[in-house]
1. Here's a check for you: in the stretch 564-579, which residue that is more than 27 Å from residue 552 (Cα to Cα) and not small (Gly, Ala, Ser) is farthest from the chain's Cα centre (by Cα)?
2. For the stretch 584-596, give me each residue that is of a type in the set (Lys, Arg) and surrounded by 12 or more Cβ atoms within 10 Å (Cβ to Cβ).
3. Which condition number in (1) open to solvent by 20 Å² or more (accessible area, probe 1.4 Å); (2) at pLDDT 90 or above; (3) more than 22 Å from residue 149 (Cβ to Cβ) is the one that residue 231 fails?
4. Among the candidates 129, 157, which residue alone is touching a residue at least 12 places away in the same chain (Cβ under 8 Å), touching a helix residue (DSSP H, G or I) at 6+ places or on another chain (Cβ under 9 Å) and loosely packed, with under 14 Cβ neighbours inside 10 Å?
5. Select from the stretch 69-98 the residues that are open to solvent by 50 Å² or more (accessible area, probe 1.4 Å) and either hydroxyl-bearing (Ser, Thr, Tyr) or in contact (Cβ under 8 Å) with a residue 12 or more places away in the chain (or both) and list them in ascending order.
6. Given (1) at pLDDT below 80; (2) under 41 Å from the mean Cα position of the chain (by Cα); (3) in a helix (DSSP H, G or I); (4) not polar (S, T, N, Q), where does residue 582 come up short, assuming only one miss?
7. Could you tell me how many of the residues in the stretch 532-551 are in a helix (DSSP H, G or I) and either in contact with a Gly (Cβ under 7 Å, 6 or more places away or on another chain) or free of Cβ contacts under 8 Å to residues at least 60 places away in the same chain (or both)?
8. When the stretch 233-253 is examined, which residues are found to be over 24 Å from residue 115 (Cβ atoms) and in contact (Cβ under 8 Å) with a residue 24 or more places away in the chain?
Amino acid sequence: MSGGRGFESEFASFLRDLKQRNDIVEVIRSYVAVDRKGGNYWACCPFHHEKTPSFAVNEGEQFYHCFGCQESGDVIKFVQEIESTDFMGAVRILAARAKMTVPENNFDTEESLRKKKKRDNMAKILLDSAKFYLSNLYSGDERAEEHLAYIARRGLSPTTVKKFGLGASLDFYSLPEYLAGKGYFKEDLVDSGVLAPSQKNGRLFDAQGGRLIFPIINAFDEVIGFGGRVLKKVDFGKYKNTKETMLFDKSKTLYNVNLLKKLKREQPIKEVIMVEGYMDTISLYQAGFKNVVASMGTSLTKEQARLIKRYTDNVLVSYDGDFAGQKADLRGLEILEEAGIQVRVVPMPDGLDPDDVARQGADAYQKCLDAAMPVIDYRLHALERKFDLTRTEDKRQFIAQALAIVRTAERESVKEELLKKLRDKTGVTYHALERDLQSIKTEETATPQVEKIAEADRATDKHLKAKRFILAAKLFSAPYAKDVPIESLSFYDETHILIAGYITDREKAGERIRPTELFEILDENSKEFNAILDFNYGDKLLGETAERFFNDSLKTLQKAQLEEEIAKLNARYAAATDENERRAVTKELGEALKRKRKLK
């Protein structure tokens, strides 16, 4: 696009103004409690569970960094993460906060403008489709009767139906005709996931034809996709989601997150109930359990864990009654625990799901919640249901597998408690169980080969730490690093190369080095950048000790570079056949060895 550079420059100017009007400390303080200690502000990280604050906010440089989960970024990145939105979504939130008007064209590149326009068109298609489905439900059309009958059988009130926007697809072709009348492009209709082309003649049809419709809505009240349920017995899955699109990614979505966000605005959320499906969510919500979301399946993802962490530190997993028998290893729940979420699993009556129990009344479901247990306890509960403990062989297998689970407990007190439960279930004495637990073989000690690898890794770690420290000292303008030209050092890691290049460009231009600018250049999940930022807190970059370490790090890298150069020269000498070339290589080798001796 003509004038692209001008637009980018104007957009960069707009972003600088936006950041200046949104002090990062004040923005973060509006979400979490922040205290000043020393030269920085500290908080308990909103992105993972912790009791001791490790989330540091640098007011001077306007960025945050968590030493616990390694999250870092500027004020825009923080709003992106805390609000679960994209870059422009965060820009709009901050602009509204500062009473700034976001330019209509956003000064975006041609490609980003195209994507934004397409996204907006798809969002309109999805919203119009949701309204169409809803109007079908109460249209009086006899084809909607089976949809209404199903809703009645599940005990849903009209208020609940409206709250969740449930609708009806009556056939395969009325929606395409309706949307065609709105003037939408065929490509956008297909890309939105609402319609699909026939393999026979290419004619578009409703991807959810004939189903009861469940709109999937994100945290910003946008319809991003649909779930559909067939109303007759079929030999395939009863539920089907629209395909994944630039709006809808199932792995990053939780059903009912929009109403959960509204609930959070009204009151603190102590815990969230996580169920599998649409009907479980809706039935629990109607029964008064408004703190409920659905994972839309049991394969939990890190993105879903991070999304739910925005609302609570405590999750009650409430899946179907056969969950224990079919999925005793509870794959995926560790993802929630890794995100710093306290997880308990709700045992359900055999063969029943949360929807079934909720329709018996709120008290019936509350009893299930009251019986929720930690994941490790539930693993034992699930395991027990696989065996008949009245049979000697089954009991022995159960004990062996149960001890393997007990062994994973982090605290000895938990192991003791679980062993007592095993004793009570099996009749085997506590001391016998304890001896068997201790006799489980630990991992074998490292082989000599592994030790060699570990030694090599330690050397690599030394060089890596040296590179990180030098880049940190340059990035945060440590006085002892001022006159050291960063381009004289070799970097191989892509992140290191980008940071070194940024520093070099700023120094040559005589401009101030601003670490926050790197958040716009680097990948948002760069582990190396986060490791470099770790050096910026406390006195790691200050004083004589830091200066000595900087100089030692320089020598470490210079020596490594020289050794690499000498190895290459030796290889060149060995391969050379011409005497003149050998003499030239010998001269270069002598100079390299001289520089190496000087380093010592």
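1. Here the answer is 579.
2. 595, 596 - these are the residues of the stretch 584-596 that are of a type in the set (Lys, Arg) and surrounded by 12 or more Cβ atoms within 10 Å (Cβ to Cβ).
3. (3)
4. Residue meeting the stated conditions: 157.
5. Selection gives 70, 93, 97.
6. Every condition holds for residue 582 apart from (2).
7. 4
8. Selection gives 239, 240.
The values are calculated or read from the model by the stated rules, or taken from the named source; none is laboratory data. Everything quoted here is computed from the prediction, not taken from an experiment. Backbone-built Cβ (ideal geometry, glycine too); neighbour counts: all protein chains shown. The protein model used for the area step is the full one, side chains on, heavy atoms only, and it has no ligands, DNA or RNA in it. Shrake-Rupley method; radii C 1.70, N 1.55, O 1.52, S 1.80 Å.
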